[in-house]
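Just below is one structure, and these are the notes that go with it.
The values are calculated or read from the model by the stated rules, or taken from the named source; none is laboratory data. The model shown is predicted, which means the values in this text are computed figures rather than measured ones. Please note: Cβ atoms are built from the backbone with ideal geometry, for glycine as well, and neighbour counts cover all protein chains shown.
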Amino acid sequence: MPVDTPLLDTIKTPADLRRLPETDLRQVADELRAETIDAVSVTGGHLGAGLGVVELTVALHHVFETPHDRLIWDVGHQAYPHKILTGRRERIRTLRKGGGLSGFTKRAESEYDPFGAAHSSTSISAGLGMAVARDLKGERRHVVAVIGDGAMSAGMAYEAMNNAGAMNERLIVILNDNDMSIAPPVGAMSAYLARLVSGGAYRTLREAGNQLAKRLPKFFYEKAQRAEEFARGFWTGGTLFEELGFYYVGPIDGHNLDHLLPVLKNARDAEAGPILVHVVTQKGKGYAPAEAAADKYHGVVTFDVVTGAQAKPKANAPSYTKVFAESLVREAEADERIVAVTAAMPSGTGLDLFGKAFPQRTFDVGIAEQHAVTFAAGLAAEGYKPFCAIYSTFLQRAYDQIVHDVAIQNLPVRFALDRAGLVGADGPTHAGSFDIAFLGCVPNMVMMAAADEAELVHMVATAAAHDAGPIAFRYPRGEGVGIDMPERGVPLVIGRGRILREGGRVALLSLGTRLAECLRAAEQLEARGLATTVADARFAKPIDTELVLSLAREHECLVTVEEGSIGGFGTQVLHLLARAGVLDHGLKVRPMVLPDVFIDHDKPERMYAAAGLDAAGIVATVFSALGTDAAAMRA
């Protein structure tokens, strides 16, 4: 086939790729990289990680019989090239858009995605489960888990490797090392050694030597075993993985197909035991602007392919994340006991700004949310004021630590929960849907939700001043509402809400940033003859008992509105009203929460409209509760 023929156009599925000679794979990789860059320039999303695994993706689909062989991508940031090769190229420019492709792997999307992901460090555990299921069913297939060096910082990955090694399960793990460089490849000698030790001849010779050594007295057997491990580890590294029971191969250049293909074939053809192939790649590889950027274009908005310049939409207000970070810096300037903890998300949580101001008081513990929470608890036990900034969705991974290490001991750890509520393009895996419910039921916990960016400033100050136990505050992704900002936060009275608008018939009690929609709904209800009170609860726990009971007694209808699941703030309010006997007197109460489904990615405003948590949904809920026809009211 002529060199200038677009080979990618001939590939509809990996089966087409496997029919190509190996000499054509370099061209396929180059075209795949160009297609990925062009697609993401239109959609935005995660770019750098995908560019780093282009050659690895081509090699894996060429060597393994996917989808019969299971290929599991950890997190999924790097899966765009994989999606292009697996029948989704025609839809790749719908990435992260409503009704389009997910930005992560998703079982419902393709048979080539055997396991859904978006949180890190799950691939080895899932792969081991699939390998065991394969053996229980008596099937023949390979299971390959690709995990990045960042994801390998999480304890779950080592738990899975330890289990796999102990079981001696046939599993292939590809360590995609694009940052920590455990042991960088050293050219031709490294590639030769990797091919040698992964090959059947070496493994057969090693097993024969092992069987011979077992006939020796125990002392000599142990010495021979250590000598072999030392010799191989001296040339190839991998001692840690060997201790976990994996046969280590590498490091190899993840961009050199001549190195990748033979090693992957050897790993495929190995008959027993878990194997780890250490592949060194470069994030952002092959696109100069990404290679030059500090973050390697990890996450981007739409951009110009030629220059790499990203679109910069005009901001009407500062982002909640930036408001949190700047507020925390101001509090830390006045209190040297304030420290900040994050789990591999310094820029995502805004703590990169805090780190510039206070580098000695900023701690990034890696992808290890469980450790982050207990580490913060240890700081609190010694009199410091730790702010543990973690996305709501990621804090789910540290629930036991919140209960056991923080709440039971009543330690004043401050939890800053970014990405509360629905998050748009990242979809259900990143939505902060459950924190109100799972924190609200924990004794000693104080829980706040910011209605706007000014309220967030006050909540940071409240958390800084609160030493009586754990306290959490939640805020969404994106811009604030454009409100006047205070110079410095003022601590709020714990458990006290506020009334923004007074009316006589309907009460809307909001928790969080649905307050703006409640105010819009109140205007619409007022225009239809329903005088409406709007209150901001501020606290999900403890709730403002006096405020709630007064709203209940003075209004015919009470509607609670929150950006969270069932079991959260509305549940607490209903519990209070039931215990107080208010519900016995004909009060119409309607809690509005996220529906009991996972909402697919889209623009946030569309997601909230679909959830019924916009002004129109609030108005409809009020009319339904009152048994009144909206059209009749307008008349």
(Q) Kindly evaluate V305 against the criterion of being crowded, with 21+ Cβ neighbours inside 10 Å and of a type in the set (A, V, I, L, M, F, W, C). (A) no
Q.
Quick check on my filter: what residues within the stretch 103-131 are out of contact with any His (no Cβ under 9 Å at 6 or more places or on another chain) and among the acidic types (D, E)?
A. E109, E111
Q | Hits in the stretch 374-402 - residues which are in contact (Cβ under 8 Å) with a residue 60 or more places away in the chain and within 12 Å of the chain's Cα centre (by Cα) | A | S392, T393, F394, R397
Q) Name the pairs: first residue in the stretch 4-29 and within 15 Å of T66 (Cα to Cα), second residue not in a helix (DSSP H, G or I), Cβ to Cβ under 7 Å, at least 6 apart or on different chains? A) P14/T66; L17/I11
Q: Name, by its number, the condition in (1) in contact with a helix residue (DSSP H, G or I) (Cβ under 9 Å, 6 or more places away or on another chain); (2) modelled with pLDDT of 95 or more that does not hold for T628.
A: (2)
**Q.** Matching residues in the stretch 313-353 - criterion: being touching a Gly at 6+ places or on another chain (Cβ under 6 Å) and on the phi > 0 side of the Ramachandran plot
**A.** A344
Q. Of the residues that sit in the stretch 499-520 and are among the hydrophobic types (A, V, I, L, M, F, W, C) and over 15 Å from P591 (Cβ atoms), which one is surrounded by the most Cβ atoms within 10 Å (Cβ to Cβ)?
A. L515
Q: Answer yes or no: is there a residue in the stretch 369-376 that is in contact with an Asp or Glu (Cβ under 7 Å, 6 or more places away or on another chain) and either in a helix (DSSP H, G or I) or under 18 Å from A465 (Cα atoms) (or both).
A: yes
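Go through the stretch 380-392 and count every residue that is over 15 Å from H466 (Cα atoms) and surrounded by fewer than 19 Cβ atoms within 10 Å (Cβ to Cβ). Spell out the reasoning first.
Within the stretch 380-392, the first condition is being over 15 Å from H466 (Cα atoms), and the residues that meet it are 382, 389-392.
From the residues that got through so far, the ones that are surrounded by fewer than 19 Cβ atoms within 10 Å (Cβ to Cβ) too are 382.
Total meeting the criteria: 1.
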Q | Entirely in the stretch 1-106, the helices (runs of 4 or more DSSP H) that have 1 or more residues that are outside the structural domain of I172 (by TED's automatic domain parsing) | A | none
Q.
Regarding the stretch 455-463, can at least one residue be identified that is in a loop (DSSP other than H, G, I, E, B) and buried (at least 24 other Cβ atoms within 10 Å of the Cβ)?
A. no
Q: Go through (1) modelled with pLDDT of 95 or more; (2) among the small types (G, A, S); (3) not in a helix (DSSP H, G or I) and name the single condition A380 misses.
A: (3)
Q) What residue, among those in the stretch 110-129 that are surrounded by fewer than 21 Cβ atoms within 10 Å (Cβ to Cβ) and aliphatic (A, V, I, L, M), is farthest from G100 (Cα to Cα)? A) A126
Q.
Any residue at all in the stretch 572-582 that's at pLDDT below 95, surrounded by 15 or more Cβ atoms within 10 Å (Cβ to Cβ) and not assigned by TED's automatic domain parsing to the domain that holds T94?
A. yes
Q: Starting from residues that are among the acidic types (D, E) and not assigned by TED's automatic domain parsing to the domain that holds S392, keep the ones in the stretch 464-498 and report whichever is surrounded by the most Cβ atoms within 10 Å (Cβ to Cβ).
A: E479
Q | Any hit, the stretch 455-465, residues being within 13 Å of L511 (Cβ to Cβ) and more than 22 Å from the chain's Cα centre (by Cα) | A | yes
Q: Quick one: in the stretch 296-320, of everything that is over 25 Å from the mean Cα position of the chain (by Cα) and of a type outside the set (G, A, S), which residue is farthest from G350 (Cα to Cα)?
A: V306
Q) Is one or more of the residues making up the stretch 30-53 closer than 19 Å to I172 by Cα and in contact (Cβ under 8 Å) with a residue 60 or more places away in the chain? A) yes
Q. Would you pick out the residues in the stretch 353-367 that are out of contact with any strand residue (DSSP E or B) (no Cβ under 7 Å at 6 or more places or on another chain) and under 22 Å from S153 (Cα atoms)?
A. P359, Q360, G366, I367
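Which of the following residues is among the hydrophobic types (A, V, I, L, M, F, W, C), in a strand (DSSP E or B) and over 26 Å from V490 (Cα atoms): L530, L558? Explain how you work it out, then say what you get.
Numbers: L530 fails: in a strand (DSSP E or B).
On inspection, the qualifying residue turns out to be L558.
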Q. If you go through the stretch 68-89 one residue at a time, do you hit one that is surrounded by 24 or more Cβ atoms within 10 Å (Cβ to Cβ), small (G, A, S) and touching a residue at least 60 places away in the same chain (Cβ under 8 Å)?
A. no
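Would you be able to tell me the number of residues in the stretch 118-163 that are assigned to a helix (DSSP H, G or I) and either within 23 Å of the chain's Cα centre (by Cα) or within 25 Å of Y80 (Cβ to Cβ) (or both)?
Filtering the stretch 118-163 down to residues assigned to a helix (DSSP H, G or I) leaves 123-137, 151-153, 155-163.
Those still in the list that are either within 23 Å of the chain's Cα centre (by Cα) or within 25 Å of Y80 (Cβ to Cβ) (or both) too: 123-130, 151-153, 155-161.
Residues meeting the conditions: 18.
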Q: Quick one: count up the residues across the stretch 47-59 that are farther than 17 Å from K12 by Cα and touching a helix residue (DSSP H, G or I) at 6+ places or on another chain (Cβ under 7 Å).
A: 7
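Out of all the residues in the stretch 99-109, is one or more of a type in the set (D, E), surrounded by 19 or more Cβ atoms within 10 Å (Cβ to Cβ) and either touching a Gly at 6+ places or on another chain (Cβ under 9 Å) or closer than 23 Å to G150 by Cβ (or both)?
Let us first name the residues in the stretch 99-109 that are of a type in the set (D, E), namely 109.
Filter once more, keeping what is surrounded by 19 or more Cβ atoms within 10 Å (Cβ to Cβ): none.
No; the residues of the stretch 99-109 include none that is of a type in the set (D, E), surrounded by 19 or more Cβ atoms within 10 Å (Cβ to Cβ) and either touching a Gly at 6+ places or on another chain (Cβ under 9 Å) or closer than 23 Å to G150 by Cβ (or both).
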Q: Name the one entry in R215, R232, R226 that is basic (K, R), at pLDDT below 90 and out of contact with any Phe, Trp or Tyr (no Cβ under 9 Å at 6 or more places or on another chain).
A: R226
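Given the stretch 470-517, what strands (runs of 3 or more DSSP E) lie entirely inside it while holding 2 or more residues that are touching a Leu at 6+ places or on another chain (Cβ under 6 Å) and either under 15 Å from M459 (Cβ atoms) or touching a residue at least 40 places away in the same chain (Cβ under 8 Å) (or both)? I'd like the intermediate steps shown before the answer.
Details: elements: 471-474, 498-501, 506-511.
The strands (runs of 3 or more DSSP E) meeting that bar are 471-474, 506-511.
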Q. Are there any pairs, at least 6 apart or on different chains, whose C-beta atoms fall under 6 Å, with the first in the stretch 303-320 and without any contact (Cβ under 8 Å) to a residue 24 or more places away in the chain and the second in a loop (DSSP other than H, G, I, E, B) and of a type in the set (S, T, Y), and if so, which?
A. A311/T302
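Keeping to the stretch 75-114, report how many residues are in contact with a Lys or Arg (Cβ under 7 Å, 6 or more places away or on another chain) and closer than 20 Å to A59 by Cβ. Quick ask: steps written out before the conclusion?
First, the residues of the stretch 75-114 that are in contact with a Lys or Arg (Cβ under 7 Å, 6 or more places away or on another chain): 87, 92, 98, 100-101, 103, 110, 113-114.
After this cut, where a residue has to be closer than 20 Å to A59 by Cβ as well, the list is 87, 110, 113-114.
Qualifying residue count, the stretch 75-114: 4.
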Q | Members of the stretch 403-431 found to be touching a residue at least 60 places away in the same chain (Cβ under 8 Å), farther than 22 Å from A465 by Cβ and not in a helix (DSSP H, G or I), listed by number | A | G421, L422, V423, G427, P428, T429, H430, A431
